[in-house]
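No lab work stands behind these numbers, since they all come straight from the coordinates. Predicted model only: the values in this text are computed from it and were never measured. Here the Cβ positions follow ideal geometry from the backbone for every residue, glycine too, while neighbour counts run over all protein chains shown.
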Amino acid sequence: MGRRKSQRKNVAMLDSDEDNSSVSSSSTARSDLMSVSGAGDVQVDKDSLLEQALDALYEKRGSTREKALAAIIEAFNTNLRHQFVEKKFATLLHQCLNSIKKGSSKEIALGCHAIGLLALTVGSGDHAREILEESVAPISHALKSSSDSLKTVSLLECLAVVTFVSATETEETERSMQIMWQLLHPKLGSNVVAVKTPAVVVTAVVSTWAFLLTTMDGCSLNSKDWQESISYFSTLLDKDERSVRISAGEALAVIFETGIEKLAAENKTTPDGSILEGNKYRQGYTHILGLKSKILNQVRSLSAEAGGKGSTKKDLNSQRNLFKDVLEFLEDGYIPDISMKIGGNSLHMSTWSELIQLNFLKHFLGGGFVKHMQDNELLHDVFGFTPKRKNILGVEHQMTSGEKRMFQSPNSVLNKARTQFLNKQRMLSKDRNVGHFAFGMGDEDSR
């Protein structure tokens with residue numbers, strides 16, 4: 001089933017030449033680092049300033065460490081600090097992990113963000129593996145003991161980014177997704193009373209879980225997991241908080257884009273390859289189809305909601321636009337046609353997985369998004385994006401592989417396995433949506 005010609009196009013403009021607010025200036029990073037080190041009147045290079053901020057992470061005063069982390073984050077947003085990372089990788093990682101283990105909620109949030117930026121900077125390779133191996137346990141422990149929403153959201157986003165960049169095995173990604181899922185469905189002891197999860201945390205769990213799902217092969221997950229997740233996200237569509245509804249809608253779109261063929265396959269054959277005739281394997285598939293009518297009605301209603309008391313127009317429009325796209329996808333297999341301009345270069349996305357990945361990383365990177373999209377080879381590989389650069393004559397041209405290496409860490413070219421896997425998943429997701437996909441899967445359409 002192809003894409004219809006009249007399909008709505010959403011265009012987001014993120015041109016660094018025109019939007020000065022989107023990227024913080026290097027002078028801001030410099031002044032922050034100098035204020036941390038107390039050397040505002042000394043002219044030193046940027047890596048020296050970063051080293052001074054790194055030294056400040058050893059200070060006993062929490063406010064000093066917080067200021068140092070903020071300065072490091074600003075510096076990593078402004079430029080990809082490959083040379084500094086090559087020299088100080090281990091020290092920076094372990095000091096940030098110490099902040100997660102012992103710091104205030106604010107320091108934990110800053111430490112989490114710094115680790116995520118570190119992972120995006122190093123790309124795939126040995127450093128990425130070390131970040132994943134060293135970070136998962138302390139993040140998981142901090143999540144279990146967290147009662148602060150800001151801290152919880154930061155920990156979730158850090159876990160998501162680190163796993164996205166570093167995980168090369170399905171089991172590693174599933175482990176992180178399970179840690180997230182347990183926040184919504186905790187295992188309670190006999191003397192433990194369930195506590196209502198704040199809406200901001202629910203939204204973060206669903207968003208990070210869906211973000212990692214975009215890297216998964218749907219055939220590696222069983223139908224029981226799909227049933228549980230689809231049923232739960234359907235209940236979230238009825239919640240009062242608009243952010244929860246939106247995150248659940250995005251998650252459902254990714255689920256059906258990624259895993260619906262798994263369900264169809266299980267419906268047709270048993271593990272030994274024989275044709276199913278109404279046995280238990282059919283039950284899971286039938287249960288999913290049973291949710292179809294309910295989900296379509298929910299999505300249709302949310303795409304045309306008139307608004308409610310206290311709701312803002314911006315959030316309402318975001319909800320309507322999202323669920324219009326989700327409705328078209330679930331009914332007919334059409335996906336939103338998204339084009340985003342980044343520093344004079346156009347990036348096109350044609351799958352829900354790509355869109356979810358881009359929106360998540362845009363949110364995480366904030367003011368550093370444009371810079372990373374322009375110079376970060378990991379993101380180039382993930383999105384199939386090759387930015388144009390001006391040569392010495394001022395003429396724009398596509399970057400060559402040699403020019404790309406000038407902007408990248410030596411470590412990033414040692415191991416391409418992760419980025420190649422993500423790129424493969426992106427292409428597979430595109431293939432699934434060309435010519436044959438529809439939510440109803442043929443003759444069981446109950447619209």
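Which net charge results when you count Lys and Arg as +1 and Asp and Glu as -1 among the other residues whose beta-carbon is under 13 Å from that of Leu54?
In short, +2.
Give the order of His82, His363 when sorted by the count of other beta carbons within 10 angstrom, beginning with the fewest.
Exposure proxy ranking, most exposed first: His363, His82.
From the phi angles alone, apply the Karplus equation (6.51, -1.76, 1.60; θ = phi - 60°) to the range 152-162 and give each ³J(HN,Hα) in whole Hz, x where the residue is Gly or Pro.
Taking θ as phi minus 60°, the curve returns 4, 4, 5, 4, 4, 5, 5, 4, 5, 5, 4 Hz for the range 152-162.
List the residues whose amide H sits under 5 Å from the amide H of Asp337, counting only those 5 or more places along or on another chain, with H placed 1.01 Å from N in the peptide plane.
Answer set, sorted by chain and number: Asn10.
Let's test the formula: R0 of 22 Å, r as the Cβ-Cβ distance of Asp332 and Ser231. What FRET efficiency results, to the nearest 0.05? List each step's numbers first, then the result.
On the way: r = 23 Å, r/R0 = 1.07.
Given R0 = 22 Å and the Cβ-Cβ separation, E is 0.40.
Give Lys196/Lys362; Lys239/Lys292; Lys196/Lys324 a once-over and call out the pairs whose C-alpha atoms are over 21 Å from each other. Could you put the intermediate results ahead of the total?
On the way: Lys196/Lys362 29 Å; Lys239/Lys292 19 Å; Lys196/Lys324 30 Å.
The pairs that break the limit, which is 21 Å between Cα atoms, are Lys196/Lys362; Lys196/Lys324.
Roughly what would the spin-label model give for Asn98 and Lys196, points 7 Å off Cα along C-beta, in nm?
4.1 nm
Which whole-Hz ³J(HN,Hα) couplings does the range 87-101 yield from phi under the Karplus relation 6.51 cos²θ - 1.76 cosθ + 1.60, θ = phi - 60°, glycine and proline marked x?
With coefficients 6.51, -1.76 and 1.60, one gets 8, 10, 3, 4, 5, 5, 4, 6, 5, 5, 5, 4, 5, 5, 6 Hz.
Given 0.36 nm per residue, what is the gain on full extension from Tyr58 to His141 after removing their alpha carbon distance, in nm?
On the way: separation 83, 0.36 × 83 = 29.88 nm, distance 2.24 nm.
Here the segment from Tyr58 to His141 would lengthen by 27.6 nm.
Which FRET efficiency value, to the nearest 0.05, is calculated for Asn297 and Asp126 with the Förster distance at 30 angstrom and r the Cβ-Cβ distance?
0.05
Output wanted: per-residue J couplings in Hz (rounded whole) for the range 364-374, from phi through Karplus 6.51 cos²θ - 1.76 cosθ + 1.60, θ = phi - 60°, x for Gly and Pro.
Residue by residue, the range 364-374 yields 5, 6, x, x, x, 4, 4, 4, 5, 5, 6 Hz.
Indicate the gyration tensor shape class of the range 88-180 (rounded, prolate or oblate), computed on the Cα atoms with a ≥ b ≥ c the square roots of the eigenvalues: a/c under 1.5 is rounded; otherwise a/b larger than b/c is prolate and the rest oblate. Walk me through the intermediate numbers first.
Numbers: a/c = 1.98, a/b = 1.21, b/c = 1.64.
Oblate.
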